[in-house]
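Shown next, in structure tokens, is the structure this report addresses.
The values are calculated or read from the model by the stated rules, or taken from the named source; none is laboratory data. Because the structure is a prediction, the values reported are computed rather than measured. Here Cβ is always computed from backbone atoms with ideal geometry, including for glycine, and neighbour counts include all displayed protein chains. Note: accessible area is taken over every heavy atom of the protein model, side chains too, but ligands, DNA and RNA are not part of it. Shrake-Rupley method; radii C 1.70, N 1.55, O 1.52, S 1.80 Å.
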Amino acid sequence: MRLTAPTRPLWMPVWLVCAAAQPAMAAPGGGYACLIEPSQRVELRSVVEGRIDAITVDRGAEVRKGQVLVELESAADRAALDAARYRAVMEGQVKTAESRRQAAKTKLTRRDDLVQEKFIAVQDRDDTAAELSLAEASLVEAQDNRRLAELEQRRLQETLEQRRIRSPINGVVTDRLQQVGEIAQTGESARAILKLAQVNPLRIDVVLPVGLFGKVKVGTPASITTEAPLSGQYAATVSVVDRVVDSASGTFRARLDLPNPKGDIPAGVKCAVQF
């Protein structure tokens, strides 16, 4: 009798045959195999194009959220900001306009008295009233100019801030890809200047058998054992449980948060998780 290899039914799509999910893997010492990873990775790029003036950190350095890591050339922007800041506090134009308005107002009061006593023509009084209106308009214009200078100062401050690249996370520098003097370019396709990783907390993704579905929940504690040479044991907590089970492999995925306040647990280490 001739034996033939089994074939898939004609109705079964190819993607269903090829898309078998990753099975839950048991660790050698017990538990389920896992990998410790940073909770997030960040590539820092500039939002404006310019020459890199300073990079204050290097690979392996610890950084804090909000810390300035990269500064682009900004001499022209700083000079424009200084000019706008000075215009925003200038009092000369406003005081001059205020003095003219006050003088015109006093003059008009006198003209009103003279008109009532019929010492001057009404036309003279009207001309003085027009002078007062112009003085008041000049005062408003001077106040508007100072307000515009304040707004320009704020705009230039924001522009200058764009030339400082700050860390969005607490973490470590994993790579430095550009140097002082190079041109920082914009866009997703541009080369990153620095790469960062958040290592507190650490993230652990693990594939679990469907039999644990409903038993492993958000907040469930777990014990993490790292591979040699660390060979340490740490406490983690489940933070995410997938709501969809993969029927092909009979598994689901869960994510755990592993506190690492001292940074003594390196990312990229294999581990085993037990519940």
Given a 1.4 Å probe, the accessible area of the chain per residue, as a whole number of Å², is 63 Å²
What longest region of the chain stays clear of trypsin sites (Lys or Arg not before Pro) that DSSP places outside H, G, I, E and B and that have at most 13 other Cβ atoms within 10 Å? 119-190
According to the square roots a ≥ b ≥ c of the eigenvalues of the Cα gyration tensor, what is the shape class of the stretch 126-275, taking rounded for a/c under 1.5, prolate for a/b larger than b/c otherwise, and oblate for the remainder? prolate
Which of rounded, prolate, oblate describes the stretch 108-180, given a ≥ b ≥ c as roots of the alpha-carbon gyration tensor eigenvalues and a/c under 1.5 marking rounded, otherwise prolate only if a/b is larger than b/c? prolate
Which one of F119, F252, F213 has the biggest mean-square fluctuation once the chain is modelled by GNM with Cα springs under 10 Å? F119
Give me the percent relative contact order of the chain, please, defined on Cα pairs under 8 angstrom at least 6 residues apart. 32 percent
Would you mind telling me the share, in percent, of accessible area of the chain contributed by carbon and sulfur at probe 1.4 angstrom? 52 percent
For volume of the Cα convex hull per residue in Å³, pick the label among (1) 173; (2) 151; (3) 311 that corresponds to the value derived from the coordinates. (3)
Within the chain, what is the number of lysine pairs with alpha carbons under 23 Å apart, leaving out pairs fewer than eight places apart on the same chain? 10
If each DSSP helix of 4+ residues adds -39,500 (n - 2.57) and the sum is divided by the residues in the chain, what number results at 222 nm, nearest 500 deg cm²/dmol? -11000 deg cm²/dmol
Just flag the GluC sites (Glu not before Pro) in the stretch 141-190 sitting in loop per DSSP whose Cβ has no more than 10 other Cβ atoms within 10 Å. E188
When the charge dipole of the chain is computed with +1 at the Cβ of Lys and Arg and -1 at the Cβ of Asp and Glu, the Cα pointing farthest to the positive end, of L177, A235, A76, is that of A235
Compute the separation of the alpha-carbon centres of the stretch 163-221 and the stretch 28-102 and state it in Å as a whole number. 20 Å
